[in-house]
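Novice: Mind having a look at this structure? Questions to follow.
The values are calculated or read from the model by the stated rules, or taken from the named source; none is laboratory data. Fair warning: this is a prediction, and the values are worked out from it, not measured in the lab. Cβ placement follows ideal geometry from the backbone for every residue including glycine, while neighbour counts extend to all protein chains displayed.
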Amino acid sequence: MPWLQLAFDIPRAEAETYSLNLEMAGALSVTLGDAGDEPQLEPGPGETPLWSQVTLTALFESDPESQALVERLAANLTEQLSALPRIERIEDQVWERVWLDTFKPARFGRRLWICPHGQPPEADDAVVVNLDPGLAFGTGHHATTALCLEWLDGADLAGKTVLDFGCGSGILAIAALKLGAARAIAVDHDQQALDATRDNAAANGVSERLEVYLPEQAPEQTVDCVLANILAGPLVSLAPILIARLSAGGDLVLSGILADQVETVSAAYAERIQLESPRLREDWALVCGRRPHT
Ligand SMILES: C[S@@+](CC[C@H](N)C(=O)[O-])C[C@H]1O[C@@H](n2cnc3c(N)ncnc32)[C@H](O)[C@@H]1O
């Protein structure tokens, strides 16, 4: 049986409202994915530096009544959105699979795999994170997350403590735990991200080693590795906090930085951190380094 699919990009903060409205209008399913867009580069004072867009995909039956409904919804959305909504006829699909079809198992580095639930990789030595990002950012398919996952895969995390600041789906903290870290602290100012992180930690069997906090409630202890995939602006303003959380000899990993923002971000950390050459992927850069012992 064919289906009608309505897809459009919206600010992530509005995803829940749009999802609820579409479900109330009669959508059979509503799914969200990272839109892979450019972030809001310079959030204004008091603005939340969120990754700006998600792609929302709603599925409807394809009878004439639903067709008329979808066209009406698309016309309304056209007035509200900067980009046009897309209507597509989907033939013979199981609707639950529409999201999964865009989220495939993917390998990062040598052995780290991020997989949708129920889709294991075909590799014997794989370290697997099963993920459902929910409303939160982080499936590994964005270059900024991929850069962090590749760094984690190459790191010696055995027995270490990790802080994932701006955890989103919890993907980095959970990957670190699966790769051998003893304990992780995940922090985000978005409650939905904290919920997604808790759910994903439980699904990966690492809840007992993962603590989840809003920034103002996070413990002020030091850790062996600080990961922060946020944006250049917040990374600069958070520099004193992130450096203070890092033990001597610990690793700092910063992502969410466009290649031409590397100098600005590096300048905020260079006095206290021995920085390596940035790692690049698409237009994005990972800035990493180590806090010296003295
Ligand atoms: C780009 S996502 C990264 C998610 C995940 N760590 C990853 O690598 O895919 C950035 C996350 O940082 C959070 N965030 C942004 N600014 C923050 C801040 N100042 N304090 C805490 N969380 C913040 C956002 O809510 C979002 O979940």
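Novice: Any residue at all in segment 244-265 that is near the ligand (Cβ under 9 Å from one of its atoms) and not in a helix (DSSP H, G or I)? Break it down stepwise before answering.
Specialist: In the first step, residues of segment 244-265 are kept if they are near the ligand (Cβ under 9 Å from one of its atoms); the result is 255-256.
Narrowing further to those that are not in a helix (DSSP H, G or I): 255-256.
Yes - at least one qualifying residue is present in segment 244-265.
Novice: For residue 266, are the conditions met, namely being modelled with pLDDT of 95 or more, surrounded by fewer than 20 Cβ atoms within 10 Å (Cβ to Cβ) and in contact with a Leu (Cβ under 7 Å, 6 or more places away or on another chain)?
Specialist: yes
Novice: Could you look through segment 95-139, keep only residues that are modelled with pLDDT of 65 or more and small (Gly, Ala, Ser), and pick out the one that is nearest to residue 30 (Cα to Cα)?
Specialist: Among those that are modelled with pLDDT of 65 or more and small (Gly, Ala, Ser), it is 118.
Novice: So which residues in segment 68-94 are modelled with pLDDT under 85 and in contact with a strand residue (DSSP E or B) (Cβ under 7 Å, 6 or more places away or on another chain)?
Specialist: Those that are modelled with pLDDT under 85 and in contact with a strand residue (DSSP E or B) (Cβ under 7 Å, 6 or more places away or on another chain): 81, 83, 89, 90, 93.
Novice: In segment 258-294, what count of residues is obtained for those that are touching a Pro at 6+ places or on another chain (Cβ under 6 Å) and under 18 Å from residue 245 (Cα atoms)?
Specialist: The qualifying residues number 2.
Novice: Can you work out which of the residues in segment 38-67 that are modelled with pLDDT of 85 or more and either hydroxyl-bearing (Ser, Thr, Tyr) or within 12 Å of the ligand (Cβ to nearest atom) (or both) is farthest from residue 265 (Cα to Cα)?
Specialist: 66
Novice: Okay, next question. Residue check: is residue 226 among the β-branched types (Val, Ile, Thr) and either within 20 Å of residue 287 (Cβ to Cβ) or in contact with a Pro (Cβ under 7 Å, 6 or more places away or on another chain) (or both)?
Specialist: For residue 226, the condition - among the β-branched types (Val, Ile, Thr) and either within 20 Å of residue 287 (Cβ to Cβ) or in contact with a Pro (Cβ under 7 Å, 6 or more places away or on another chain) (or both) - is met.
Novice: Report, by residue number, each residue of segment 186-228 that is within 8 Å of the ligand (Cβ to nearest atom) and closer than 12 Å to residue 169 by Cα.
Specialist: Result: 187, 188, 190, 193.
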